[in-house]
Amino acid sequence: MVSITENEFKELAGYIKSNYGIHLNDEKKNLVTGRLHNVLFENNCGNFSEFFDLLKTDKSGRIVNTLVNKITTNYTYFMRESDHFKYFQDKVLPYLKNTVSDHDLRIWSAGCSSGEEPYTLAMIIDKYFNLERATWNTKVLATDISEDILIKAKKGQYSKEQVVSLPIDFRMNYFKKFDSKNDAIIERLKDEIIFRKLNLMNSSFPFKKKFHVIFCRNVMIYFDNKTKMELVNKFYEYMEPGGTLFIGHAESLNREQTKFEYILPAIYRKP
């Protein structure tokens, strides 16, 4: 395996943090070398300096996409931190139903990974509005930085072991058999999700309207505090008054650094 020098790691880690917000400390050296070893070999790079030079000069975007796909962690599962989904169903949706006069719900799953989170939100929304759903715009925006994981999410195929944690009515109403080991999201629910590639480190987001709900869970755990708070403040700008922000239970916000109001663990509200 090709080893990485201290200077090479510092340069690569600086590039990743500057462009994608992910903070890699010295303890991540082995992770980086392990995940990128084959990439260096496939691109005829004898060391990480050559790989970094290739990264900076690649005009096609192929090397950058490969790097992002290798360094991002996409661990998630259905009903992760289930208390959030219960709060969304029992508190947030009734509030939005009574206050959004134009029936245009704007919900964003930021860092959607392999799709479990946005699909679950779409199931909850569909069940909640039921026969009224046709009079509402209930599509969920799901974004991630990794093209590979977005391709997987769009397919909407999950093993039977992955979907077992969902309520039985969700499994019956929103999945179909794909093969002997896997189930697939039905097309009607797939149509409720808009998957897009988006870098949360962009200085601004390409949205004309503000969101009522933002889920950004277990993403900012990889950021340092400055990067995290800059992103949280952007979320605030792109959120409607009364909107709700969900973050991961392993994450927290410094209340002196944000205008969001604390509601419950990992749940915040824009006044």
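What the table below lists for this structure:
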read-out	value
Hits in segment 133-167 (condition: assigned to a helix (DSSP H, G or I), small (G, A, S) and farther than 16 Å from I194 by Cα)	A134
Residue, farthest from Y77 (Cα to Cα), within segment 108-136, restricted to residues that are buried (at least 18 other Cβ atoms within 10 Å of the Cβ) and charged (D, E, K, R)	E117
Of all residues in segment 147-167 being over 22 Å from I125 (Cα atoms) and not small (G, A, S), the one that is surrounded by the most Cβ atoms within 10 Å (Cβ to Cβ)	I149
Wholly enclosed helices (runs of 4 or more DSSP H) of segment 1-85 bearing at least 2 residues in contact with a Lys or Arg (Cβ under 7 Å, 6 or more places away or on another chain)	29-42, 62-71
Residue within segment 188-203 that is without any contact (Cβ under 8 Å) to a residue 40 or more places away in the chain, of a type in the set (A, V, I, L, M, F, W, C) and either surrounded by fewer than 16 Cβ atoms within 10 Å (Cβ to Cβ) or under 21 Å from M79 (Cβ atoms) (or both) present	no
F170 crowded, with 19+ Cβ neighbours inside 10 Å, touching a residue at least 40 places away in the same chain (Cβ under 8 Å) and either in a strand (DSSP E or B) or at positive phi (or both)	no
Tally of residues being in contact with a strand residue (DSSP E or B) (Cβ under 7 Å, 6 or more places away or on another chain) and either farther than 16 Å from F260 by Cα or without any contact (Cβ under 8 Å) to a residue 12 or more places away in the chain (or both) across segment 221-242	0
Qualifying residue in segment 108-127 (condition: closer than 30 Å to I63 by Cα and among the acidic types (D, E))	yes
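For (1) surrounded by 11 or more Cβ atoms within 10 Å (Cβ to Cβ); (2) at pLDDT 90 or above, each residue gets a yes or a no:
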| residue | (1), (2) |
| --- | --- |
| V2 | yes, no |
| K10 | yes, yes |
| H23 | yes, no |
| R35 | yes, no |
| G46 | no, yes |
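The values are calculated or read from the model by the stated rules, or taken from the named source; none is laboratory data. Remember, it's a predicted structure, so these values are computed and weren't measured experimentally. Because the Cβ atoms are built from the backbone with ideal geometry, glycine has one as well, and the counts that use them run over all protein chains shown.
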